[in-house]
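Chemist: One structure is given below, represented as structure tokens, and several questions about it will come after.
No value in this document is a laboratory result; all are computed from the given coordinates. Keep in mind the model is a prediction, meaning the values are calculated, not measured. FYI the Cβ positions are ideal-geometry reconstructions off the backbone, even for glycines, and counts take in every protein chain you see.
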Amino acid sequence: MKLPVNYSFALLWGGLSVVSTQPFDAEYNALKSRYIVSLKAGVGGDALHGHIQWVQDVHRKRGLLQDDISGVEKTFDVGTFHAYSGSFDEETLLEIRGSDIVELVEPDTPVYPFGIVTQNQATWGLGAISQAEPVSINASLRNGFEYTYDENGGKGTFAYVVDSGVWVDNPDFEGRAELGYTVYPEIPFEDSSGHGTHVAGTIASKTWGVAKKAQVIAVKVIAPNQGVMSDFMEGFSWSVKNITETPGRAAVSVINMSLGRSTLRKQPTLAISEANIGTKGGPTNYAFNSLVHAASEQGVLSVIAAGNAAVDVSRVSPAGTARAITVAASAVNNTAWNFSNFGSGVDLYAPGVDIYSLSLEAGKDVALSGTSMASPHVAGLALYLKSLETGLETVDAITARILELCKRGTVQGVPGSTPNFLAFNGVGV
């Protein structure tokens, strides 16, 4: 959690590639008429519903309610933040932009994996966050490190994993994982890539988890050849509402997000002139950053991977938002990972290279690298601490406690302006 607000976005899979080489031109072209519309702060209730009805009426009068230009499709409401997304032609969008209750119109762009790479070295992340001294790797040992922890860590807490889905029946979850929500009801609610399962395993699995007693709630927002920012926002919004509408849940929950959109990617062809869309604070996603901020104001903690593009985190979103814990990746030799994003918007480092966790095959683990793997170490640490200590119910309190426990000045090669803090559970000395 930072003092200045940085608005930006990057979808992070645990890969060594800086930028994915997958062709997405078709997806960009398909999204050329899709937008996210953020309303001004405090606009809600009758004004919100009236505005959306007005937009739909404009479409109907002009005969635009077609498959490719369908009007309003999704709405987002968290606290005082309200937005909607859909597909609109240029003339309708001009009218929307001219409304006195509209804050900003942005293109609804795809979110991506940065690639997944399997490694063959031992897991070390659990050892690193539970030992005061640096760990050193022994390539002949697959599971030869000590993790010092309280065996009740994570009990009574909940990890919302907003990702590719989770294989909730993996035996290593011991029945503590469940399906929460999918933005794709037309396809099976499962993890088709293994990314979400790996992330969830680092948070809460019996073998690889930081908080080994925590519950996992799977929220699926990306699928093969699918996944746009509005989908990501929909899954995040569902998580926030599920947390805030369940009595007592906010104090014992965390939302982990290891996905996003890099502003380094080619932007979609816009169906309207540049003058009719915009950004606030840089080439980032204002709507999603505002959504994360609103969730924090509701008492919901978000832990977000910093991104794998070796750029300042202020250029990615939602990782650059001030009201979240943003996690960069470190390697086993206590060095900053070369591809990890950096900058003052990062809160801390956590192990993110050669991290073993669960796969989509029972009894088989896989090692991945990336800030996607660093973030769940901190999400798990948040739940671990929440379950064992008092006074950590609020976003500010748990953030301060995590930063207080960090090992300081121990990560080598940290870029200037980036905090040199390394995640630590405070147990092993």
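Chemist: From the backbone phi of the stretch 377-389, what are the Karplus-calculated ³J(HN,Hα) couplings (6.51 cos²θ - 1.76 cosθ + 1.60, θ = phi - 60°) in whole Hz, Gly and Pro given as x?
Modeler: 4, 7, 4, x, 5, 4, 5, 4, 5, 4, 7, 10, 10
Chemist: Turning to a different aspect of this structure: Sort 33-41, 346-354 by the packing proxy (mean of other Cβ within 10 Å over each peptide's residues), most packed first.
Modeler: On the way: 33-41: 22.6, 346-354: 29.4.
Peptide ranking by packing, descending: 346-354, 33-41.
Chemist: Shape call for the stretch 125-422 from the C-alpha gyration tensor, a ≥ b ≥ c root eigenvalues: rounded (a/c under 1.5), prolate (a/b greater than b/c) or oblate?
Modeler: Working: a/c = 1.39, a/b = 1.19, b/c = 1.17.
Taking the square roots of the gyration eigenvalues as a ≥ b ≥ c, the stretch 125-422 is rounded.
Chemist: With the dipole of the stretch 125-422 worked out from charges on the C-beta (+1 for Lys and Arg, -1 for Asp and Glu) around the Cα centre, which of HIS195, THR284, GLY260 lies farthest toward the positive end?
Modeler: Positive-most Cα among the choices belongs to THR284.
Chemist: Do any of LYS220/LYS241; LYS206/LYS386; LYS364/LYS407; LYS212/LYS364 go past 24 Å between their Cα atoms, and which?
Modeler: Pairs exceeding 24 Å: LYS364/LYS407.
Chemist: Highest mean first, what order results for 361-373, 313-325 on Cβ atoms within 10 Å? Write down the numbers at each step before the final one.
Modeler: Details: 361-373: 21.8, 313-325: 28.8.
Output ranking for 361-373, 313-325: 313-325, 361-373.
Chemist: Using the Cα centre as the reference, give the magnitude of the dipole from point charges on the C-beta atoms of the stretch 32-107 (Lys, Arg: +1; Asp, Glu: -1; all else neutral), rounded to the nearest 20 debye.
Modeler: With only Lys, Arg, Asp and Glu charged at Cβ, the dipole is about 40 debye.
Chemist: While we're on this one: Which of the aspartates and glutamates could a cross-linker bridge to LYS74, judged by Cα under 15 Å and excluding same-chain residues fewer than eight apart?
Modeler: GLU106, ASP108, ASP231, GLU234
Chemist: So what is the relative contact order of the stretch 125-422, in percent, for Cα pairs below 8 Å that sit 6 or more residues apart? Could the numbers behind the result be given before it?
Modeler: Values: 703 pairs, mean separation 61.7, N = 298.
Relative contact order for the stretch 125-422 comes out at 21 percent.
Chemist: What does the highest-first list of 231-240, 298-307, 188-197, 284-293 look like by mean Cβ count within 10 Å?
Modeler: Packing order, densest peptide first, comes out as 298-307, 284-293, 231-240, 188-197.
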